[in-house]
Amino acid sequence: QVQLVESGGGLVQPGGSLRLSCVASGFTFSAYAMRWYRQAPGKERELAAHITRTGGSTNYADSVKGRFTISRDNAKNTVYLQMNSLKPEDTAVYYCNARSMTTMTKGDYWGQGTQVTVSS
């Protein structure tokens, strides 16, 4: 069955770094674009980062651009989010998302979320 398992969240001080990981199983990982979303308490879920199937192109929200880096290792069925220079406003639950709109691999899968708290 399809699973997206996130890890790497936790408590960090402002200016610190974290690396989130999301391990996928139960589907053809390389056929799916991967995304990291985040949602702070009382706020709407927002797209933080996106990466194409091969990792050849990435996109970031303006709020994280220059500080976050999304990457993937298709051999390990894993997508990463390296977060540097963290700010209190980065505090949120971070969700891993796999999506494909092609005829043969159409799907939209979500992880359980991992909490990131940036506080002094």
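The values are calculated or read from the model by the stated rules, or taken from the named source; none is laboratory data. This one's a predicted model, so the numbers in the text were calculated from it and none came from an experiment. Heads up, the Cβs are rebuilt from the backbone with ideal geometry, glycines too, and the neighbour counts pull from every protein chain shown. Quick note on the areas: whole protein, heavy atoms, side chains included, nothing else; ligands and nucleic acids left out. Shrake-Rupley method; radii C 1.70, N 1.55, O 1.52, S 1.80 Å.
In summary, residue 48 fulfils each of the numbered conditions (1) open to solvent by 30 Å² or more (accessible area, probe 1.4 Å); (2) outside any loop (DSSP other than H, G, I, E, B) with the single exception of condition (1).
When segment 69-120 is examined, which residues are found to be farther than 12 Å from residue 32 by Cβ, without any contact (Cβ under 8 Å) to a residue 24 or more places away in the chain and outside any loop (DSSP other than H, G, I, E, B)? Within segment 69-120, 69, 71, 73, 75 qualify. Among the residues of segment 23-45 satisfying the criterion of being under 15 Å from the mean Cα position of the chain (by Cα) and of a type in the set (A, V, I, L, M, F, W, C), which is surrounded by the fewest Cβ atoms within 10 Å (Cβ to Cβ)? Going through the qualifying residues, I end up with 40. Residues in segment 77-120 that are at positive phi, open to solvent by 40 Å² or more (accessible area, probe 1.4 Å) and under 15 Å from the mean Cα position of the chain (by Cα): 1 in all.
A quick yes/no check of all residues on (1) modelled with pLDDT of 95 or more; (2) among the hydroxyl-bearing types (Ser, Thr, Tyr); (3) out of contact with any strand residue (DSSP E or B) (no Cβ under 8 Å at 6 or more places or on another chain):
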| residue | (1), (2), (3) |
| --- | --- |
| 55 | no, no, no |
| 59 | yes, no, no |
| 62 | yes, no, yes |
| 93 | yes, no, no |
| 97 | yes, no, no |
| 115 | yes, no, no |
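Flag set for residue 11, criterion: over 23 Å from residue 109 (Cα atoms), open to solvent by 50 Å² or more (accessible area, probe 1.4 Å) and part of a strand (DSSP E or B). Scanning segment 28-50 for residues that are among the hydrophobic types (A, V, I, L, M, F, W, C), more than 18 Å from residue 7 (Cβ to Cβ) and at pLDDT 95 or above returns 33, 40, 47.
Going by the structure shown, is residue 20 assigned to a strand (DSSP E or B) and over 15 Å from the mean Cα position of the chain (by Cα)? No; evaluated as a whole, the condition is false for this residue.
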